[in-house]
Amino acid sequence: MPTVSLVDPSVPIKADAVVVGVLQGKDGPRLAPGAQPVSRALFGSTSGGKLLKALKDVGVTGRPDQVVSISTLGLADFPVVVATGLGENAREAEALRRAAGAVTRTVTNHARLHFAISGPVSAIAEGALFGAYSFTDYKASPAKSALRAISIAGDGGGRRELARAKALAEAITTTRNLVNTPPNDLYPASFAAKVKELARGTGVTVEVLTEDGLKRGRYGAILAVGGGSVNPPRLVRLTYRPARSKATVALVGKGITFDSGGLNLKPGNSMAWMKSDMGGAAGVITSTLAIAALKLPITVIATVPMAENMPGGSAYRPSDVITMRSGKTVEVGNTDAEGRLVLADALSRAGEDEPDFLIETSTLTGAQLVALGGRVIGAMGEPKWRDQVVAAGNAVGEASWAMPLPSEYAGGLESPVADLNNISSDSWGGMLVAGLFLKNFMPDGVPWVHLDIAGPSFNQAAPHGYTPKGGTGAVVRTIVAAVESLTK
Ligand code: BES
Ligand code: MN
Ligand code: ZN
């Protein structure tokens, strides 16, 4: 990850490329505030007219995701000016985040990038760090980015913001790496070992239950779902206990390292991105580490079920009845509805810590993608806490939307032989049905929220803003912001 620092806007710019923002106005593009020193260095005037003309000459419009570089032809100490589009709504911090990210994602041939855009330093730092990502672990000769140092024009303050941006970038980078790692290398045992390695020296403690521990603890669902794979399941628990704690938050994240569907094998190409079915697990693990790095005064206990959903000879079957850790029984209607099963056992365990709040997140349903697509998280749960989490996430630039849990839809989950079925007789509203299933295993009296990130956790489309193809790091900012909202 490149370094990031603040520099006084009145001192001469030292960089290999200087970034200016361009607003998309009704009457054409305009330079965003902060570009004056660039204009002065080039033309001796802060008016910006000549700089804007030069940018317009090469087709700069200011539309989001437009990044255009021009040579300064020896007129200034810095050889290149980069223009990044802020769009029409440039006052939003998220526009700045995306514009900064679009630069670091695409301009990789300069070692030192300077941002001459005024606005919240946190947004520029976050966007620039989130955008400067590439996953090259599996490339024989990776194309290395030259970017080493990011500087942002800003006055003295902003140290805390920079530290927060770095902690978030660290967490998001690790989440993306975990999601992008192929499933032949990331399976429950290796994932659990990786968590131990990540937590070393952070003050966060890690406990791993192997198969024996899962049997002793009666984790019937985790054992059933993991049973069809040669790679046995795990339950990983991370605990962060600050000296002074205002509340305890339980985090739970779905860690299916590969979802083949099991015996109800996924058809056609729908297994294509199922290495990402542990995006919720990665998100809660890295959020816990970020919260610890920021020393927030909140106790966080993450409970992460890890399993590989495979159709081997010892796989669980449709019609099996599982005795869950909670004691409830569940008839398996479909082995591809495995996430809610492993989560149910994890939720029971999380409730035993008597948390004050609970956040569960999972790549749970294709129906989330149908309803909200790839960029908006679906949030369900206890209304007040759900709305607090949604508001916290939206305020830091991660979109989520509250969805209902109509109790009428729960009837479809009835089973003639067990307490519940894991799928509904009604095929509509699948995201809500999954939320209603989970509700049965939520600890009594604890405000809870379920965040379905099936779409947002993995970008199969073109990269945009600070978001690369593949793992996105979704949900980390929402979790950290929701936990921060409890410190106020
Ligand atoms: N992991 C999938 C959900 C998913 C689908 C995530 C697409 C990301 C992209 C989940 O385990 C699953 O298979 N859900 C089924 C549930 C159904 C069998 C009730 C689904 O959504 O089709
Ligand atoms: Mn599935
Ligand atoms: Zn799944």
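Every number in this text was worked out from the coordinates using simple rules, so none of it is lab data. Keep in mind it's a predicted model, so treat the numbers as computed, not measured. Glycine also receives a Cβ, built like all others from the backbone with ideal geometry; neighbour counts cover every protein chain displayed.
In the chain, the ratio of gyration radius to Kirkwood radius, Rg to Rh, stands at 1.02 when only Cα atoms are counted. Starting from the amide H of L6, placed 1.01 Å from N in the peptide plane, find each other amide H under 5 Å away whose residue is 5 or more places distant or on another chain. The list, which skips near neighbours in sequence, is I152. Projecting label points 7 angstrom from Cα along Cα→Cβ for A395 and K196 puts them 3.9 nm apart.
When the listed pairs K139/K196; K275/K439; K26/K488; K14/K196 are checked against a 30 Å cut-off, the alpha-carbon distance exceeds it for K26/K488; K14/K196.
Here the average projected area of the convex hull drawn through the C-alpha atoms of region 274-350 stands at 6.1 nm². Summing Lys, Arg as +1 and Asp, Glu as -1, what charge do residues with Cβ under 14 Å from the Cβ of L147 carry, L147 excluded? After counting each charged neighbour, the total is +3. Between R160 and H464, the contour length at 0.36 nm per residue exceeds the Cα-Cα span by 106.7 nm. Residue-wise HN-Hα couplings along region 284-297, as the Karplus relation 6.51 cos²θ - 1.76 cosθ + 1.60 with θ = phi - 60° gives them from phi, are 6, 5, 6, 5, 4, 5, 5, 5, 5, 4, 7, 6, 5, x Hz; Gly and Pro carry x. In terms of the mean number of neighbouring beta-carbon atoms within 10 Å, the peptides 65-74, 330-339, 379-388, 186-195 order highest first as 330-339, 186-195, 379-388, 65-74. How many angstrom lie between the C-alpha centres of region 86-163 and region 320-387? Taking the Cα centre of region 320-387 as reference, the centre of region 86-163 is 35 Å away. When the pairs K194/K384; K53/K166; K144/K166; K50/K469; K56/K166 are compared against a 32 Å limit on Cα-Cα distance, K194/K384; K53/K166; K50/K469; K56/K166 fall above it. Between helix 430-439 and the chain there is an angle of about 60 degrees, using the helix long axis and the longest principal axis of the Cα atoms.
Take the Cα coordinates of region 1-113, assign each an equal point scatterer, and use the Debye formula without solvent to give log10 I(q)/I(0) at q = 0.23 Å⁻¹. Normalising to I(0) and taking log10 leaves -1.49.
Net charge in the neighbourhood of M380 (other residues with Cβ under 12 Å of its Cβ; Lys, Arg +1, Asp, Glu -1) is -2. For the peptides 5-12, 282-289, 271-278, 136-143, the ranking by mean Cβ contacts within 10 Å, running from highest to lowest, is 282-289, 271-278, 5-12, 136-143.
Once backbone amide H atoms are built at 1.01 Å from N, G473 has R176 as its partners under 5 Å, excluding neighbours fewer than 5 places away on the same chain. Phi angles of region 227-240 translate, via the Karplus equation with coefficients 6.51, -1.76, 1.60 and θ = phi - 60°, into HN-Hα couplings of x, x, 10, 6, 9, x, x, 9, 10, 10, 10, 10, 10, 10 Hz per residue; Gly and Pro are given as x. By the count of other C-beta atoms within 10 Å, a proxy for reagent exposure, L129, L52 are ordered fewest to most as L52, L129.
Of interest is the spacing of the C-alpha centroids, which for region 1-48 and region 244-279 amounts to 43 Å. Angle between the Cα long axis of helix 159-180 and the longest principal axis of the chain, 0 to 90 degrees, nearest 10? Taking Cα atoms only, the helix is inclined about 50 degrees. Per-peptide packing, taken as the mean over residues of other Cβ atoms within 10 Å, places 317-324, 247-254, 232-239, 164-171 in the sequence 247-254, 232-239, 164-171, 317-324 from highest down. Against the chain, whose longest principal axis is taken from its Cα atoms, helix 93-106 shows a tilt of about 80°. If we count every other residue with Cβ under 15 angstrom of N109's Cβ, Lys/Arg +1 and Asp/Glu -1, where does the sum land? So the surrounding residues net to +3. On full extension, the segment bounded by S314 and E414 gains 33.4 nm, given 0.36 nm per residue less the C-alpha separation. Every Cα-Cα pair in region 403-487 was counted, and those over 16 Å apart are 66% of them.
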